[in-house]
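Have a look at the structure below, then the notes.
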Amino acid sequence: MRVNLKQVKDMAPEFGMGGQIEARFAREDLGLEKTGMTHFTLAPDFRVPFGHKHGEHEEVYVVLSGSARIKIEEEILELAQWDAISVPGSAMRNLEGGPEGAEVIAFGERAGPDDSTMEPGWWKD
């Protein structure tokens, strides 16, 4: 199945995050049963307001444009265009757009609500 990711519905406004982030969850649009895929567009210096983890479901993040930082547990890494990073499912993680913002693809095994933990305000300076 072929999908233009910019035409997938932006779910960020439904979670009260419109304007600073776009979050396009493409799993259903692509007809995926076992894999999840999300296209994020982060405004400059915008940090997602919660950390999350997915039990055993690992993820890969790829920076398509701009730059970002990712915090994985206690480690903060700088990510440039075309950098890819794998994250174990059990590791708490969070993203922040760089000075010019970022476009990021995240993909991995499909994680349901029972497999996901979210922690508001997890990444504190």
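The values are calculated or read from the model by the stated rules, or taken from the named source; none is laboratory data. If you're wondering where the values come from, they're calculated on a predicted model, not measured in any experiment. Virtual Cβ from ideal backbone geometry, glycine too; neighbours counted across all protein chains shown.
Output yes when any residue across the stretch 108-120 is of a type in the set (Val, Ile, Thr) and under 19 Å from Met37 (Cβ atoms), and no when none is. Scanning the stretch 108-120 turns up no residue that is of a type in the set (Val, Ile, Thr) and under 19 Å from Met37 (Cβ atoms).
When the residues of the stretch 12-23 are filtered to those that are surrounded by 15 or more Cβ atoms within 10 Å (Cβ to Cβ) and hydrophobic (A, V, I, L, M, F, W, C), which remaining residue is nearest to the chain's Cα centre (by Cα)? Write out each step before concluding.
Restricting attention to the stretch 12-23, the residues satisfying the condition of being surrounded by 15 or more Cβ atoms within 10 Å (Cβ to Cβ) are 12, 17, 20-23.
Subsequent filtering for residues that are hydrophobic (A, V, I, L, M, F, W, C) retains 12, 17, 21, 23.
Working: Ala12: 11, Met17: 13, Ile21: 10, Ala23: 8 Å.
Out of the qualifying residues, it is Ala23.
Residue-level check: of (1) of a type in the set (Ser, Thr, Tyr); (2) touching a Ser or Thr at 6+ places or on another chain (Cβ under 9 Å); (3) in a loop (DSSP other than H, G, I, E, B), Tyr61 misses just (3).
Within the stretch 28-37, is there a residue that is under 23 Å from Val8 (Cα atoms), basic (Lys, Arg) and at pLDDT 95 or above?
Kept after step one, since they are under 23 Å from Val8 (Cα atoms), are these residues of the stretch 28-37: 28-37.
Keeping just the survivors that are basic (Lys, Arg) gives 34.
With at pLDDT 95 or above added as a condition, the list becomes none.
No - not one qualifying residue is present in the stretch 28-37.
Just to be sure, is Arg27 under 14 Å from the mean Cα position of the chain (by Cα) and more than 27 Å from Asp125 (Cα to Cα)? Against the criterion (under 14 Å from the mean Cα position of the chain (by Cα) and more than 27 Å from Asp125 (Cα to Cα)), Arg27 qualifies. How do the pairs read when you match residues in the stretch 74-92 that are on the phi > 0 side of the Ramachandran plot with residues anywhere that are in a loop (DSSP other than H, G, I, E, B) and modelled with pLDDT under 95, using Cβ under 7 Å and keeping only pairs 6 or more apart or on different chains? If the second residue must be in a loop (DSSP other than H, G, I, E, B) and modelled with pLDDT under 95, no pairs are left.
Yes/no matrix, rows are residues, columns are (1) surrounded by fewer than 20 Cβ atoms within 10 Å (Cβ to Cβ); (2) among the hydrophobic types (A, V, I, L, M, F, W, C); (3) in contact with a strand residue (DSSP E or B) (Cβ under 7 Å, 6 or more places away or on another chain):
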| site | (1), (2), (3) |
| --- | --- |
| Thr41 | no, no, yes |
| Asp45 | yes, no, yes |
| Lys53 | no, no, yes |
| Ala68 | no, yes, yes |
| Glu78 | yes, no, yes |
| Asp83 | yes, no, yes |
| Ser86 | yes, no, yes |
| Ala91 | yes, yes, yes |
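Restricting attention to the stretch 89-125 and to residues that are polar (S, T, N, Q) and part of a strand (DSSP E or B), the residue that is nearest to the chain's Cα centre (by Cα) turns out to be Asn94. Scanning the stretch 51-73 for residues that are without any contact (Cβ under 8 Å) to a residue 40 or more places away in the chain, closer than 24 Å to Glu100 by Cβ and not small (Gly, Ala, Ser) yields a total of 3. Give all pairs with beta carbons closer than 6 Å in which a residue from the stretch 103-125 that is within 10 Å of Pro49 (Cα to Cα) meets a residue that is among the basic types (Lys, Arg) and modelled with pLDDT of 95 or more; count only pairs at least 6 apart in sequence or on separate chains. Correct list of pairs: Trp123/Lys71.
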